[in-house]
Number of protein chains: 2
Amino acid sequence: MVMKERRKTVRQITIKDLAAILHTTPSTVSRALRDEEGVGEVMRNRVKELARKMNYRPNAVAAGLRKGNSHTVGVIVPRINRDFFSGVIAGIEEIAYEAQYNVIICQTHDSLKKEEQHLDTLLRARVDGILVSIGLETKHFDHFEKVLQAGIPLIFFDRVPEEMSVNRIRVDDRAGAREVVQHMIDMGYRNILHFAGPDYLALYHDRKEGYLEALEKNGIPVREELIIPNSLTFEEGQKAMENVLKQGLRADALFSASDYSALGALLLLQEKGIRIPEEFGVAGFSNEKFTSYVRPSLTTVDQQSKVMGKHCMELFLREVNENNGSFSKIMLRPEVLLRDSTRRR
Amino acid sequence: MVMKERRKTVRQITIKDLAAILHTTPSTVSRALRDEEGVGEVMRNRVKELARKMNYRPNAVAAGLRKGNSHTVGVIVPRINRDFFSGVIAGIEEIAYEAQYNVIICQTHDSLKKEEQHLDTLLRARVDGILVSIGLETKHFDHFEKVLQAGIPLIFFDRVPEEMSVNRIRVDDRAGAREVVQHMIDMGYRNILHFAGPDYLALYHDRKEGYLEALEKNGIPVREELIIPNSLTFEEGQKAMENVLKQGLRADALFSASDYSALGALLLLQEKGIRIPEEFGVAGFSNEKFTSYVRPSLTTVDQQSKVMGKHCMELFLREVNENNGSFSKIMLRPEVLLRDSTRRR
DNA sequence: ATGAAAGCGCTAACAT
DNA sequence: ATGTTAGCGCTTTCAT
């Protein structure tokens, strides 16, 4: 590859150029290139041959303007470097690819302002649909109204607004939490901490509910002081566990709504010389990759990220084709992964 | 938020609609909205007010077609769930945001076919520039030629094609490797394994070179059998280390070109009851987040991902404004992070 | 089977 | 300060 040419503003080949060379018209060229009816065998081949030879590249902007769609969907997620979200994106991309859709990925870093900006940008770019997992700052959802006003499908996944008539896909967080806590109880843990997330997000609410249900079912009284709110990051997890130890709270296990804070706690416990899982059990949520890398490996709940992504895109495709005024709620079954951090005896 | 309306294909408000309502013309409305010269104070305010009231949303597709640019750059990376790549993307987004550019993120999963497809899609979408980190399968670069033909800036980062006249940004992998191996030698390790990547990628080549240089400088003879090619993933790392042990190779440390295979090896060694760092030292490369989460924490080399992303976007902005036929090579200084996996005595 | 003409929504050159 | 006109590159009706 020789990069000899000085870069300059180049006028790209257009359909009109091809038409002129072949002594025909843009309409015929357009039809030929898109394999439409009504072009002679010979002409079609001449067009395609020339297009190839001249490196013709269709202008999707122009086509989009004319056709009124872009064959592109926008995906808005809090962050792309979470295995969960990148898994969802992989699922979306897989189905999108089959259906010849492009995917634009945006991350909000959990900022409401960024979320609104990305939304505007995507709407201005005239995407054909938007798939969103909302950020931690998002407590009201008015800014999503304009997506519906624009008349394109809007689909929420994982972090979804509850009690609203919109398409949404989640895993059954409550069941996942219940099962993992049940397992911990089966392992003989009785004083189980819970690191929770903000209650206004259904998934965190449900994880707490699952925790409570499991305790209740086993006749274990709930101790409010064991439920520690807003402990989702690595650092928060360390700090929270440090406080627990400092306060001398009677506790022998932790079920965290987040793998990150579970790990923070786990490392702190190890530093203090507390043996896991013998003296203290730890479980997280989301099946981040590192949970299988740390020692002891961390019990967690897999959220079917790739399956969720596929469902998202399939739901979009259904919406865009059928366009009936209804909406879907899809709930996936999570998979509890029992690992060494809770497996004692 | 009441989502009452049945979704249907809605014609969005256009500049023409606004003009009609205000008994003026599209040009005036366009000028007013973009804060251009030549619109009266009163008219400008009336236009803006109405646009706001009617939820007018400019059609970026139409504007792009007319202006011949999209104010969008495309970013192609092997995968987005590597902390290194997501860090670069964060840097790109930061500068892009300031300069009012949109960013389209594409991942190739190291597939050459995907890389070519994404490239085509971005060119059809008429992005204003493309920033790429090539995939493992990519050994020839002809497909990038068309980016230059299209007359838009092309910038490679991290995984760049060497010996080619294109813009590229990297860290000094050789220096990073040399320093970390020197540190291992200082710690008394003498028989240091190297897990290498494919030699045709400059960054892996250079990491090996740095390793060799450090040995040489300290008068330690190179033993070819200690250099194990294509060991980059977690699984490959485990397998490679297992082979090393099985073969009874005399080795007391590992410098891996990848954090993932370093971790695989580390865990395998621990399983076998080998103490780290006392009996065996381990170092990786890239500063993936998990390297600080595992115990012992893993010595590694930080690649300045965010800084690299900023440089990429800044270089793009310079290119797009100045458009001189030259190209830049930027080399960043990596930072060696000495952690517990190599710190003995 | 092919061509002519209009127009998607916007911007910009050229009037007035 | 505002209007008129043309056109970005494509698709789609309507002719022939």
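Out of all the residues in the stretch B:277-332, which are part of a helix (DSSP H, G or I), among the aliphatic types (A, V, I, L, M) and modelled with pLDDT of 95 or more?
Pass one, the stretch B:277-332, residues part of a helix (DSSP H, G or I): B:289-292, B:305-322.
Now restrict to residues that are among the aliphatic types (A, V, I, L, M): B:307-308, B:313, B:315, B:317, B:320.
Selection gives B:V307, B:M308, B:M313, B:L315, B:L317.
Checked against (1) within 14 Å of chain B (Cβ to nearest Cβ); (2) modelled with pLDDT under 95, A:Q238 passes all but a single condition, namely (2). Scanning the stretch B:13-61 for residues that are under 41 Å from the mean Cα position of the chain (by Cα), more than 10 Å from DNA strand C (Cβ to nearest atom) and not basic (K, R) turns up B:D35, B:E37, B:M54, B:N55.
Against the definition (hydroxyl-bearing (S, T, Y) and within 30 Å of B:E116 (Cβ to Cβ)), how does B:S27 come out, yes or no? Answer is no for this residue.
Residues considered: B:I80, B:I92. Of these, the only one that is under 16 Å from the mean Cα position of the chain (by Cα), at the interface with chain A (Cβ under 7 Å from one of its Cβ atoms) and touching a residue at least 24 places away in the same chain (Cβ under 8 Å) is B:I80.
Of (1) within 20 Å of A:S86 (Cα to Cα); (2) at the interface with chain A (Cβ under 9 Å from one of its Cβ atoms); (3) out of contact with any His (no Cβ under 6 Å at 6 or more places or on another chain), B:V132 satisfies all except one. Which? In the conditions (1) within 20 Å of A:S86 (Cα to Cα); (2) at the interface with chain A (Cβ under 9 Å from one of its Cβ atoms); (3) out of contact with any His (no Cβ under 6 Å at 6 or more places or on another chain), B:V132 misses (2) alone. Checked against (1) of a type outside the set (G, A, S); (2) modelled with pLDDT under 95; (3) touching a Leu at 6+ places or on another chain (Cβ under 8 Å), A:Y56 passes all but a single condition, namely (2).
Being of a type in the set (K, R) and surrounded by fewer than 20 Cβ atoms within 10 Å (Cβ to Cβ) is true for just one of B:R178, B:R174, B:R170, B:R223. Which residue is that?
B:R223
Being farther than 24 Å from B:D173 by Cβ and either more than 11 Å from chain A (Cβ to nearest Cβ) or among the basic types (K, R) (or both) is a property that B:R126 has.
Pairing residues of the stretch A:281-309 that are free of Cβ contacts under 8 Å to residues at least 12 places away in the same chain with residues that are among the hydrophobic types (A, V, I, L, M, F, W, C), at Cβ distances under 6 Å and at least 6 apart in sequence or on separate chains, gives A:Y293/B:L263; A:Y293/B:F290.
All of A:S86, A:S111 fail the test of being within 8 Å of another protein chain (Cβ to nearest Cβ) and of a type outside the set (A, V, I, L, M, F, W, C), apart from A:S86.
In the stretch B:13-44, what residues are surrounded by fewer than 16 Cβ atoms within 10 Å (Cβ to Cβ) and either more than 29 Å from A:G151 (Cα to Cα) or more than 7 Å from DNA strand D (Cβ to nearest atom) (or both)?
The initial filter retains those residues of the stretch B:13-44 that are surrounded by fewer than 16 Cβ atoms within 10 Å (Cβ to Cβ), namely B:16, B:20-21, B:23, B:25-27, B:34-38, B:40-43.
B:K16, B:A20, B:I21, B:R34, B:D35, B:E36, B:E37, B:G38, B:G40, B:E41, B:V42, B:M43 - these are the residues of the stretch B:13-44 that are surrounded by fewer than 16 Cβ atoms within 10 Å (Cβ to Cβ) and either more than 29 Å from A:G151 (Cα to Cα) or more than 7 Å from DNA strand D (Cβ to nearest atom) (or both).
Out of the stretch B:309-321, which residues are away from chain A (no Cβ under 14 Å) and either surrounded by fewer than 24 Cβ atoms within 10 Å (Cβ to Cβ) or charged (D, E, K, R) (or both)? Show your work before the answer.
First, pick out the residues of the stretch B:309-321 that are away from chain A (no Cβ under 14 Å): B:310-314, B:317.
Scanning the stretch B:309-321 gives B:K310, B:H311, B:E314, B:L317.
Among the residues of the stretch A:190-210, is any touching a residue at least 60 places away in the same chain (Cβ under 8 Å), within 14 Å of chain B (Cβ to nearest Cβ) and of a type in the set (V, I, T)?
no
Restricting A:L136, A:L50, A:L65 to those that are outside the structural domain of A:L232 (by TED's automatic domain parsing), within 12 Å of DNA strand D (Cβ to nearest atom) and of a type outside the set (V, I, T) reduces the list to A:L65.
The values are calculated or read from the model by the stated rules, or taken from the named source; none is laboratory data. Because the structure is a prediction, the values reported are computed rather than measured. Methodologically, a virtual Cβ is constructed for each residue, glycine included, from the backbone with ideal geometry; neighbour enumeration extends over all protein chains shown.
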